[in-house]
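A quick write-up on the structure given underneath.
Derivation of every value follows stated rules applied to the coordinates shown; laboratory data play no part. Keep in mind that what you see is a predicted model, and the values were worked out from it rather than measured. Here the Cβ is made from the backbone with ideal geometry for all residues, glycine too, and neighbour counts use every protein chain on show.
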Amino acid sequence: MIERLADSDLHALVEEFFRSSFSTDNPLITEAVRRMLAAGGKRLRPRLTLLAAESCGGTAREHLELAAYMELIHVATLIHDDVVDQAATRRGVNSTATDFGNRVSVLAGDYLFAWIFKNVTARYDPPIPHILSATLAAICDGEVLQLRAMGRLDLTIDEYTDVVAKKTASLFAASAECGAHAVGAGPASVDALRTFGTEYGIAFQMIDDLLDMTADETTVGKPVGNDLRERKVTIPLIFALQSGDAHLRDDVRAFFADGDERREAIARIATGIQQSGALTATRTAVAEHAERAVAALAPLAGGPARAELERLAKALTLA
């Protein structure tokens, strides 16, 4: 009988793996990455890998290393993000750029990517290395698209979704897909889990955008209103600008143009977005993608792992 671990046990296994097994050949980079890992996180990407493996008949303990690589790819992207975004904090603690400087941070992210792929290509058969290399290309493409969309008040939902699918959802999709491949799952199961990861990742990013408007700094681990401060056009703002409120549109256009970063200016825009009905529209969009994620799992056999994947998707609609 295949051992099935509770989701809390999966999280604990991933944490213990990092504590006991993670080390690179460069002590400075190992320290920088360990600091990021110690700052916490939901470890959703490795959990998707392990749940995908279990949902296809595998055992989670046998795929901890592969799952850990998914989180480390995520950590490397965060290290680079904090340089690009000039972020001082991450998950409530100093960003890597704050503690080590931009030059070390860029090199640390690059080194970590190379170290991950050296190990993945040595230990896993195709298509897993191919999936991860394509995913990294997609993430970088999404970052560039997001930079080009900065301050674009005419950005459409479709354009936003394309950015999110590449920048955020691609790694969720790869995490689930690789978990299925690792246990030799058939094409229908692989496709189902990849689609689940994509839809889950899009909904996840939409929730992150929503929290930037509504949560406190302790909850999100970074300054609230940070997306507005960085002139990012996120889904609540897109919906707000589509609401037909000319005063709000003028206010946003002036805010984006003058570089005002005062808390009161950001709070004023955030209040206007909330009053426009954009937050409700965002939650509706989240629910649609979460429903697609759950529906994608139909080809999989029923069981605790599939049920946990469904729970994770549905939980996004409660945020």
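For the stretch 215-229, state whether one or more residues are out of contact with any His (no Cβ under 9 Å at 6 or more places or on another chain) and either surrounded by 24 or more Cβ atoms within 10 Å (Cβ to Cβ) or more than 26 Å from THR280 (Cα to Cα) (or both).
Keep residues of the stretch 215-229 that are out of contact with any His (no Cβ under 9 Å at 6 or more places or on another chain), which gives 215-229.
Filter once more, keeping what is either surrounded by 24 or more Cβ atoms within 10 Å (Cβ to Cβ) or more than 26 Å from THR280 (Cα to Cα) (or both): 228.
Scanning the stretch 215-229, I find at least one residue that is out of contact with any His (no Cβ under 9 Å at 6 or more places or on another chain) and either surrounded by 24 or more Cβ atoms within 10 Å (Cβ to Cβ) or more than 26 Å from THR280 (Cα to Cα) (or both), so the answer is yes.
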Tally of residues being assigned to a helix (DSSP H, G or I) and either under 20 Å from the mean Cα position of the chain (by Cα) or over 20 Å from SER170 (Cα atoms) (or both) across the stretch 281-305: 17
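Give, as residue ranges, the helices (runs of 4 or more DSSP H) completely inside the stretch 84-188 that count at least 1 residues that are under 23 Å from ASP209 (Cβ atoms).
Details: elements: 96-100, 102-123, 128-148, 157-164, 170-182.
Once the helices (runs of 4 or more DSSP H) in the stretch 84-188 are filtered for at least 1 residues that are under 23 Å from ASP209 (Cβ atoms), what remains is 96-100, 128-148, 157-164, 170-182.
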Subset of the stretch 301-319 [touching a residue at least 12 places away in the same chain (Cβ under 8 Å) and over 13 Å from PHE196 (Cα atoms)]: ALA301, GLY303, PRO304, ALA305, LEU316, THR317, ALA319
Every pair of residues 6+ apart whose Cβ atoms lie under 8 Å, when the first sits in the stretch 128-143 and is closer than 14 Å to GLY179 by Cα while the second is of a type outside the set (A, V, I, L, M, F, W, C): ILE128/HIS181; PRO129/THR121; ILE131/GLU177; ILE131/HIS181; LEU132/TYR69
From the options GLU15, GLU71, residue that is touching a residue at least 24 places away in the same chain (Cβ under 8 Å), part of a helix (DSSP H, G or I), under 30 Å from ALA298 (Cβ atoms) and among the acidic types (Asp, Glu): GLU71
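Which of the residues belonging to the stretch 244-257 are in a helix (DSSP H, G or I), over 28 Å from the mean Cα position of the chain (by Cα) and of a type outside the set (Lys, Arg)?
Of everything in the stretch 244-257, those that are in a helix (DSSP H, G or I), over 28 Å from the mean Cα position of the chain (by Cα) and of a type outside the set (Lys, Arg) turn out to be ALA246, HIS247, LEU248, ASP250, ASP251, ALA254, ALA257.
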Complete set of residues in the stretch 234-268 that are within 23 Å of ALA285 (Cβ to Cβ) and surrounded by fewer than 11 Cβ atoms within 10 Å (Cβ to Cβ): GLY244
Qualifying residue in the stretch 258-267 (condition: closer than 20 Å to VAL190 by Cβ, of a type in the set (Gly, Ala, Ser) and in a helix (DSSP H, G or I)): no
Given (1) closer than 24 Å to PHE256 by Cβ; (2) touching a Lys or Arg at 6+ places or on another chain (Cβ under 6 Å); (3) surrounded by 22 or more Cβ atoms within 10 Å (Cβ to Cβ), index of the condition MET150 fails: (3)
Residues being closer than 16 Å to GLU15 by Cβ and surrounded by fewer than 23 Cβ atoms within 10 Å (Cβ to Cβ) - total across the stretch 47-65: 4
